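Remarks on the structure that follows.
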Amino acid sequence: MCGIVGYVGARPALDVVVEGLARLEYRGYDSAGVAMLADGALATAKRAGKLVNLREALAEEPLPAGTLGMGHTRWATHGAPNDRNAHPHTDCAGRVAVIHNGIIENFAALRTELEEGGHKLRSDTDTEAVAHLLEDELKTTGDLAEAMRRVCRRLEGAFTLVAMHAGDDDLVVGARRNSPLVVGVGDGENFLASDVAAFIAHTRDAIELGQDQVVELRRSGVTVTDFHGRPAETKAYHVDWDVSAAEKGGYDYFMLKEIAEQPRAVADTLLGRIGADGRLTLDEMRISDQELREVDKIIIVACGTSYHAGLIAKYAIEHWAGLPCEVELASEFRYRDPILSRSTLVIAISQSGETMDALMAVRHAREQHAKLLGICNVNGSTLPRECDGVLYTHAGPEIAVASTKAFLTQLVAVYLIALYIAQVRGTKFGDEVFAMIQLLAKMPEKVDEVLGTMEPVRALARSLADEKSVLFLGRHVGFPVALEGALKLKELAYMHAEGFAAGELKHGPIALIEPGLPVIVVVPPRSRAVLHDKIVSNIQEIRARGARTIVIAEEGDTSVEPYADTLIRVPAVPTLFQPLVTTVPLQVFACELATAKGHDVDQPRNLAKSVTVE
Ligand code: M6R
């Protein structure tokens, strides 16, 4: 949830750190702060609100220049989002500074112990306890890394910690448990960050840290141990995108850029997965064909938009692979008693690979001996490491908090998995699988076509900016699309928006319909005649009650014309692929409407891009 940057090198650390924070602000923007070490003294600056407030404060009162520093952008958990609770936090003497992402669950007991021992804590955060614990440990060890290891052994919960000590101007120490931290390896300089985006302008060489590891970052190199000081294994990798991918590239918002990138993202996710013979090869699956043949049930776990991708996956898996498939909100999964066995395949979908609810669901499934497959967009993140296999989406970095291109690529990934299982288990003939793959390969063009026709959708969105509520209806795979449309509108426009299965409407929600209420309806292809005709009836039912109907229907579908106050056309594609084209207008709609209301669509209020607490 929070963004963390650490730097040691030869450049002005403040510039490196603040530039890194700007790239991590999507992770949290309740407050921002930095700590610099110069001439044996630590100096900090912090401000509530977005990074711009900190920049203004630094312009008014510059910090001493140094070449070692760290910074933090916060999504508040413990303590209000004010200056006092902003990170970094320091010890009593102001010689140790700490930043933190996660939640230290035993902080209350630690705080009491520290106060009884004479420490004066100045904030309401769980983090500050760590600065004072380090202060105590440094008295006996004199070594910040060893002090950090000792402190970490006492902490419960999830944390990434980064600390500096006035006594060593060549050392930044990091630690991680259940929360992301990557090392950037440079020449005479090294970096720590929650996400490679923070240092990608300086180096593309990274090291993935494992669970319960402590890293010592010096100008000359990087040392990693476990919490007991034993040398730890790490994984080095090269980041396959560059700094331009993490910049707006002329767009006003990252979200606009990411919506526009969808045809390329869909194409990249298909790349290399369709063999010359038309068969699918999913090398990184690391689950053998024999194991897939033994699977008797699939459970999908995910949150938010990724959960909606999971709901669509269910239709594809049951239809093509002929396997029962359940879809579960990751945050609920481990609190009931899901029936899992060695022949259950659990698929966890997460753009970031760091969502704590998804990680805890994966761990729960692991304990029950299920096989685990991750769908993830971020190389080096935690989720792929905890699964038996992974299918990476190739959306590139998604910076806007609202997920767009990641969602479309997750859909491609689930189609590939469903078709692959069908191929392996023989639930569809080879030529049927081949025909679907051919159609899937055409989807980037179709998404591009949709993007070319969005001006009327933008105009519609602007005209509805003062509405209080919008409903979304769909059937079959159109139902999760309706949920996704409503989620986008809620998170960006802060409006009441709800998605319903159109058939459920008459069981209660139809009471919400009143004259003029905008209702967006996703119409299935005409080829699914029964579904299609039923939703056309549903449109008539709501229109009869005064709703303003906004209908998304495939080209050539004239049957909806008499009942649509506004008609949005999408290309005709196979039913299961339809979410790839029907979601796009809903993304554009939400983005434009929120912008018309004056909202920052990249950083909606109260949210953070990766939710690393439960
Ligand atoms: O990184 P993840 O895919 O695990 O994130 C899951 C949700 O937090 C995320 O999709 C969220 O719902 C988005 N902000 C929606 O746009």
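If contacts are Cα pairs under 8 angstrom and at least 6 residues apart, what is the relative contact order of the chain in percent?
Numbers: 1414 pairs, mean separation 71.1, N = 614.
So the answer I get is 12 percent.
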Q.
I need the fraction of alpha carbon pairs in the chain separated by more than 43 Å, rounded to a whole percent.
A. 25
Q) For region 129-196, which GluC sites (Glu not before Pro) are both in a DSSP coil and crowded by at most 13 other Cβ atoms within 10 Å? A) GLU156
Q.
Please report the antiparallel percentage of the DSSP beta bridges confined to the chain, to the nearest 5.
A. 60
(Q) Assuming 0.36 nm per residue, please report the length gained on full extension of the stretch GLU61 to ARG153 beyond their Cα-Cα distance. (A) 29.3 nm
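I need the shape label for region 231-370. Rule: rounded when a/c is under 1.5, else prolate if a/b > b/c, else oblate, with a, b, c from the alpha carbon gyration tensor. Mind dumping the intermediate values first?
Numbers: a/c = 1.60, a/b = 1.42, b/c = 1.13.
Since a/c reaches 1.5 and a/b is larger than b/c, the shape of region 231-370 is classed as prolate.
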Q | Rounded FRET efficiency, nearest 0.05, which uses the C-beta distance separating THR112 from THR558 and R0 of 41 Å | A | 0.05
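Do any of LYS46/LYS609; LYS314/LYS609; LYS46/LYS468; LYS506/LYS609; LYS257/LYS446 go past 28 Å between their Cα atoms, and which?
Violating the 28 Å limit, Cα to Cα: LYS46/LYS468; LYS506/LYS609.
With a cap of 16 neighbouring Cβ atoms within 10 Å, and only residues DSSP puts in a loop, list the chymotrypsin sites (Phe, Trp or Tyr not before Pro) found in region 193-297. Let's see the in-between values first.
Numbers: sites: PHE199, PHE227, TYR237, TRP241, TYR251, TYR253, PHE254; in loops: PHE199, PHE227, TRP241, TYR251, TYR253.
Those that pass, being in a loop and sparsely packed, are TRP241, TYR251.
May I ask for the percentage of alpha-carbon pairs in region 261-320 that lie more than 12 Å from each other?
Details: 1387 of 1770 pairs.
When every Cα pair of region 261-320 is considered, 78 percent fall beyond 12 Å.
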Q) How much length, in nm to one decimal, is gained on full extension between LEU121 and ASP242, taken as 0.36 nm per residue of separation minus their Cα-Cα distance? A) 39.4 nm
Q: Let me have the relative contact order for region 114-237, percent, based on Cα pairs under 8 Å that are six or more residues apart.
A: 20
Q.
Taking the 0 to 90 degree range and rounding to the nearest ten, how far is the long axis of helix 430-441 tilted relative to the main principal axis of the chain, both from C-alpha atoms?
A. 70
Q) If you line up the long axis of helix 13-24 against the longest principal axis of the chain, both from Cα atoms, how many degrees apart are they, to the nearest 10? A) 20
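Per residue of the chain, what 222 nm ellipticity follows from adding -39500 (n - 2.57) for every DSSP H run with n ≥ 4, rounded to the nearest 500? Write down the numbers at each step before the final one.
Working: 19 runs with 215 residues, N = 614.
-10500 deg cm²/dmol, from helical runs alone.
Just so you know, all these numbers are worked out from the coordinates, no wet-lab data involved. Since this is a predicted model, take the numbers as computed values, not measurements. Note that each Cβ is placed from the backbone with ideal geometry, even for glycine, and that neighbours are counted across all protein chains shown.
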